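The values are calculated or read from the model by the stated rules, or taken from the named source; none is laboratory data. Just so it is clear, the model here is predicted, and its values are computed rather than measured. Here Cβ is always computed from backbone atoms with ideal geometry, including for glycine, and neighbour counts include all displayed protein chains. Areas reflect the complete protein model, heavy atoms only, side chains present, ligands, DNA and RNA absent. Shrake-Rupley method; radii C 1.70, N 1.55, O 1.52, S 1.80 Å.
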Amino acid sequence: MPLIISDELLKAAGLTEEQAKLEFACRLFDAGKLSIGHAAAWTGLSIPDFEQQLAARAIPRFRYTAELLHEDIHTLQSLGRW
């Protein structure tokens, strides 16, 4: 299902089609709806270039969650390093 954004709406937002696609991709990545690979591919950017766009918008590339912390602690404990 294609999403159609009128030229009028893009003009009102002050965005080109490419800029709008990039903004959508960044926000969908930020919301956890797209992986970094899918978001970068959709915009036609390499992953490093897409990461730069995320950084420009203060969107973190990685999210260190409580679950990841617990996994890291468990790993360190199993290795005898905690």
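Structure values in brief
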item	result
Tally, over the stretch 1-33, of residues that are open to solvent by 50 Å² or more (accessible area, probe 1.4 Å) and either touching a strand residue (DSSP E or B) at 6+ places or on another chain (Cβ under 7 Å) or assigned to a helix (DSSP H, G or I) (or both)	15
Residues located in the stretch 34-82, provided they are farther than 19 Å from Gln19 by Cβ and assigned to a loop (DSSP other than H, G, I, E, B)	Ser35, Pro60, Arg61, Phe62, Arg63, Tyr64, Thr65, Leu79, Gly80, Arg81, Trp82
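Here is a yes/no grid of residues against (1) in contact with a helix residue (DSSP H, G or I) (Cβ under 6 Å, 6 or more places away or on another chain); (2) at negative phi; (3) not polar (S, T, N, Q):
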residue: Lys21; (1), (2), (3): yes, yes, yes
residue: Asp30; (1), (2), (3): no, yes, yes
residue: Thr43; (1), (2), (3): yes, yes, no
residue: Phe50; (1), (2), (3): yes, yes, yes
